[in-house]
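Q: Starting off with a structure, shown below.
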Amino acid sequence: QDDQSSIDSVRAALDAGVTFFDTAAVYGLGHSEEVLGQALKSDRSRIVLATKCGLVWDENRNPARSAAYDSVLQEAEASLRRLGTDYIDLYQVHWPDAEVPAEETMRALDKLVKDGKVRYVGVSNYDVPLLKQSLAVRHVDSLQPPYSILRPAAEKELLPFCLENGIGVVAYSPLTSGLLSGNYTYDTTFEEGDWRSRNKAHTGEGLRNNVDKAEKLKAVAESCGITLPQLAVAYDLAHPAITSAIVGVRKPSHILGVLPAADVTLDDATLAEIRAIASAES
């Protein structure tokens, strides 16, 4: 990804009214934080800057989970340097670390808040039991789970739990890693190094099934006067537990193409139609 294109995309989002920017230390092994910090430095007071800890990499650039107390504190210092700021608005645990109790990780995050280096604490990819363990130490301000029309599992337990416990939800992958972009066909393929080349939803019968569903959802979107990506984001935002939906952008036109979804209201009949399409067997 070209750095200037990334910066232009961030600036276009900011100019369009976007104020929440989410990244992670592991994205580009620190490079994403550096670029985002550069793009937003002059507007730091206007924006909510979110990043993540819990994934570290070795000298061979191999990432591994690490959410131990000391590791989290060290990661925060490194992120602050790369972002070029003296505080992080929302600091999130990227993935749970099975080797470290959730309580230990939360104690580290709580220290960062008390030290003034972090304003709010979040977690990503946590289930309800891990959220309960974390809440025993301090309030969890946000959860970042995967959630989309084609991946609605969070609706069952996670979203109701967050709604009941005052935990904001930052939904990621509302376009289901491109399946709801409207750009995939039966013949779409991915390079060998792309995880989608090994993913059932993006290959073979799974891909064909999802392309069929995307075409039906596109018709629903057209009846609403919007695009399929806008429908996908609007669906996430329609859930009362959802605070925001994250979309990845590579060029300014991407954010400008999806941003109108923030102003879309889907009625109950449309939501029911969407769910029926998504849940239909192939």
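The values are calculated or read from the model by the stated rules, or taken from the named source; none is laboratory data. What you see is a predicted model, and the numbers here were worked out from it, not measured in a lab. Cβ atoms come from the backbone with ideal geometry, glycine included; neighbour counts cover every protein chain shown. Heavy atoms of the whole protein, side chains included, go into the accessibility calculation; ligands, DNA and RNA do not. Shrake-Rupley method; radii C 1.70, N 1.55, O 1.52, S 1.80 Å.
Q: Within the stretch 181-223, restricting attention to residues that are within 21 Å of Glu155 (Cβ to Cβ) and among the hydrophobic types (A, V, I, L, M, F, W, C), which residue is most open to solvent (accessible area, probe 1.4 Å)?
A: So, considering only residues that are within 21 Å of Glu155 (Cβ to Cβ) and among the hydrophobic types (A, V, I, L, M, F, W, C), the one most open to solvent (accessible area, probe 1.4 Å) is Ala201.
Q: Being open to solvent by less than 30 Å² (accessible area, probe 1.4 Å) and farther than 22 Å from Thr243 by Cβ is the filter here; which residues of the stretch 11-24 pass it?
A: Of everything in the stretch 11-24, just one residue is open to solvent by less than 30 Å² (accessible area, probe 1.4 Å) and farther than 22 Å from Thr243 by Cβ, namely Ala12.
Q: Restricting the stretch 1-10 to residues that are in contact (Cβ under 8 Å) with a residue 40 or more places away in the chain and within 19 Å of the chain's Cα centre (by Cα), which is surrounded by the fewest Cβ atoms within 10 Å (Cβ to Cβ)?
A: Step one: list which residues in the stretch 1-10 are in contact (Cβ under 8 Å) with a residue 40 or more places away in the chain, which gives 1, 5-6, 8-9.
Still in the running and within 19 Å of the chain's Cα centre (by Cα): 1, 6, 9.
Values: Gln1: 12, Ser6: 20, Ser9: 21.
By that ranking, first place goes to Gln1.
Q: Considering only the stretch 163-171, I want to know if a residue exists there that is acidic (Asp, Glu), under 22 Å from the mean Cα position of the chain (by Cα) and open to solvent by less than 60 Å² (accessible area, probe 1.4 Å). Step through it out loud before you land on a result.
A: To start, the set of residues in the stretch 163-171 that are acidic (Asp, Glu) comprises 164.
Filter again for under 22 Å from the mean Cα position of the chain (by Cα), leaving 164.
Filter again for open to solvent by less than 60 Å² (accessible area, probe 1.4 Å), leaving none.
No, because not a single residue in the stretch 163-171 is acidic (Asp, Glu), under 22 Å from the mean Cα position of the chain (by Cα) and open to solvent by less than 60 Å² (accessible area, probe 1.4 Å).
Q: Kindly provide the set of residues from the stretch 48-105 that are among the charged types (D, E, K, R), closer than 18 Å to Tyr172 by Cβ and buried (at least 21 other Cβ atoms within 10 Å of the Cβ), ordered by number.
A: Selection gives Lys52 alone.
Q: Consider the stretch 267-282. How many of its residues are touching a helix residue (DSSP H, G or I) at 6+ places or on another chain (Cβ under 8 Å) and open to solvent by 50 Å² or more (accessible area, probe 1.4 Å)?
A: Pass one, the stretch 267-282, residues touching a helix residue (DSSP H, G or I) at 6+ places or on another chain (Cβ under 8 Å): 270-271, 273-274, 277-278, 280, 282.
Pick out the ones that are also open to solvent by 50 Å² or more (accessible area, probe 1.4 Å) and you get 273, 282.
Qualifying residue count for the region: 2.
Q: Quick one: Val121 ticks every box in (1) without any contact (Cβ under 8 Å) to a residue 40 or more places away in the chain; (2) more than 26 Å from Pro240 (Cβ to Cβ) bar one, so which box is it?
A: (2)
Q: Still on this structure: Looking at Leu49, Leu55, can you tell me which residue is without any contact (Cβ under 8 Å) to a residue 60 or more places away in the chain and either of a type in the set (Lys, Arg) or farther than 13 Å from His94 by Cα (or both)? Lay out the reasoning, then the answer.
A: Values: Leu55 fails: either of a type in the set (Lys, Arg) or farther than 13 Å from His94 by Cα (or both).
Going through Leu49, Leu55 in turn, the sole match is Leu49.
Q: A follow-up question, please. For the condition within 30 Å of Ala24 (Cβ to Cβ), of a type in the set (A, V, I, L, M) and surrounded by fewer than 19 Cβ atoms within 10 Å (Cβ to Cβ), what is the one hit in Val264, Val247? Don't jump to the end; show me each part of the working.
A: Details: Val247 fails: surrounded by fewer than 19 Cβ atoms within 10 Å (Cβ to Cβ).
Of Val264, Val247, the one residue that is within 30 Å of Ala24 (Cβ to Cβ), of a type in the set (A, V, I, L, M) and surrounded by fewer than 19 Cβ atoms within 10 Å (Cβ to Cβ) is Val264.
Q: Let me spell it out: the conditions are (1) part of a loop (DSSP other than H, G, I, E, B); (2) under 16 Å from the mean Cα position of the chain (by Cα), and Glu99 meets all of them except one. Which number is the exception?
A: Tallying (1) part of a loop (DSSP other than H, G, I, E, B); (2) under 16 Å from the mean Cα position of the chain (by Cα), Glu99 fails exactly one: (2).
Q: Sticking with this one: Is at least one residue of the stretch 141-160 in contact with a strand residue (DSSP E or B) (Cβ under 8 Å, 6 or more places away or on another chain), buried (at least 23 other Cβ atoms within 10 Å of the Cβ) and more than 24 Å from Val249 (Cβ to Cβ)?
A: no
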